[in-house]
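Written below as structure tokens is the structure these notes are about.
What follows draws every value from the coordinates through simple rules; no lab data is involved. As the structure is a computational prediction, the values presented were derived from the model and not from experiment. Because the Cβ atoms are built from the backbone with ideal geometry, glycine has one as well, and the counts that use them run over all protein chains shown.
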Amino acid sequence: MNLFSPLYLRSLTLKNRIVVSPMQQYSANNGIPGNWHLVHLGSRAVGGAGLILTECTAVSPEGLATLNDVGIWNDEQQEAWKNIVDFVHEQEAKIGIQLWHSGGKGSLRHPNQRMKPLTDEEGAWTVKSSSATEINGVIPQEMTVAEIHELTQKFADAAMRAVEAGFDTIELHAGHGYLFHQFYSAVINKRNDEYGGSFDNRIRFLVETVRAVRKVIPEIMPLLVRISAVDYIDTPEGWTLEDSAALSEVLKENGVDLITASGGGFTNVSKDKVFPGYQVPFAAAIKKTGILTGAVGMITEAQQADEIITSGKADLVVIAREHLRDPYFAIHAAKELDVETEIPWQYQRAF
Ligand SMILES: Cc1cc2nc3c(=O)[nH]c(=O)nc-3n(C[C@H](O)[C@H](O)[C@H](O)COP(=O)(O)O)c2cc1C
């Protein structure tokens, strides 16, 4: 088994283990992916990655972080995604959508404007979270139980739209300090009801959403979840790798096929904790619980990526920034590892 071995997830076959990691482009209006997204995702499909994941895609307008993020809550957005999905499929690649809600990390300006909170004139909305705990200087409103249930349904509705648009898989974004993470983290979640307090209560929103999504998507379609395996907060409330392993077991029991182990989301991660492959041990530890995993974070070299797979530390390598530097990472990696790979006929004279 190596970087170019296929991976079978329910009925989905990935031609290799290379994934384009979700990357927000802040280039949409009204949540509609446009030409930028077609070229960005499409060129990485041309570049040979087995699975392309969209950037985080909001399930409702309040789920956006900025007004330039993408969504999939209406027909126009769904139609625009379909066009991108069709192009990726024409390149013999697979495409998944990352469904997301920003929770207390919403209502922000474009990153070019330093992601400061939007003003009312700019279209600010009231951000809501598990609790009224400050996140990045903003105190969100605590969600009611009815609102939690409604949002679970919105994830299911978005998943149905994604299936209709032709996506091959769905990933729930449950890391990086966004809404699911705001529920399972005891640092943020201070609720006293069935959605707060104990571990089981804090993971309840994510688990119920997994069940709701699993119910509406085809049995043969794989379901992925990205988590923050650790939050780098060194207090008794901090989320640990042991918590992630326990969460992963529950997610697996509820029909999740693969976990991508990322990290952080509420604080800056100190520089000494970030180095090539720094999150691979998280994927390896979670894999020991019996679920498939994706490793992400500073994976930039063909040999490094291949070693992660051949040594059995993870089942997929999920590559973000190196794919911005080199959309053809997979083709180049195949050459370097001396593996035969398909090159689009239009480009064959160059390789
Ligand atoms: C421009 C940019 C946008 C990102 N947007 C997302 C996102 O939408 N969803 C997500 O889960 N992670 C997002 N990330 C995090 C990456 O997917 C990845 O986890 C992180 O960059 C570490 O991987 P790398 O070292 O290969 O870049 C983003 C990263 C970058 C650089």
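Look at where the Cα atoms of the stretch 90-134 and of the stretch 228-253 average out, and the two centres are 23 Å apart. Based on Cα contacts under 8 Å between residues 6+ apart, the chain shows a relative contact order of 17 percent. Under 15 Å from a label point set 7 Å out along the Cα-to-Cβ vector of E90, the amide N atoms of the stretch 325-351 belong to 344-347. Once a ≥ b ≥ c are taken as the square roots of the eigenvalues of the Cα gyration tensor of the stretch 141-289, is the result rounded (a/c under 1.5), prolate (a/b larger than b/c) or oblate (a/b not larger than b/c)? Because a/c hits 1.5 or more and a/b fails to exceed b/c, the stretch 141-289 counts as oblate. Between R321 and V145, what is the spin-label point distance in nm, taking each point 7 Å from the Cα along the Cα→C-beta axis? In this crude label model, R321 to V145 measures out at 4.5 nm.
The local environment of L53, defined by Cβ-Cβ distances under 13 Å, has a net charge of 0 under the rule Lys, Arg +1 and Asp, Glu -1. From the cross-link list K105/K154; K190/K313; K94/K273, which pairs have alpha carbons spaced over 25 Å apart? Too far apart for the 25 Å limit: K190/K313; K94/K273. Restricting attention to the stretch 7-350, close to 15% of DSSP beta bridges with both partner residues there are antiparallel.
Once the C-beta distance of K288 and Q153 is scaled by a Förster radius of 25 Å, the resulting FRET efficiency is 0.15 to the nearest 0.05. Simple spin-label model, 7 Å along Cα-to-Cβ: D338 to S43 in nm? Using points 7 Å along Cα→Cβ, the separation is 3.2 nm. In a DSSP loop and with at most 16 other Cβ atoms within 10 Å, the trypsin sites (Lys or Arg not before Pro) in the stretch 173-256 are K190.
Given a Förster distance of 25 Å, report the FRET efficiency between N83 and T119 from their Cβ-Cβ distance, rounded to the nearest 0.05.
Computed FRET efficiency for N83 and T119: 0.15.
So which GluC sites (Glu not before Pro) in the stretch 237-330 are both in a DSSP loop and have at most 10 other Cβ atoms within 10 Å of their Cβ? Here no loop site has a sparse enough neighbourhood.
If R0 is taken as 30 Å, the Cβ-Cβ distance between M160 and E249 corresponds to a FRET efficiency of 0.65.
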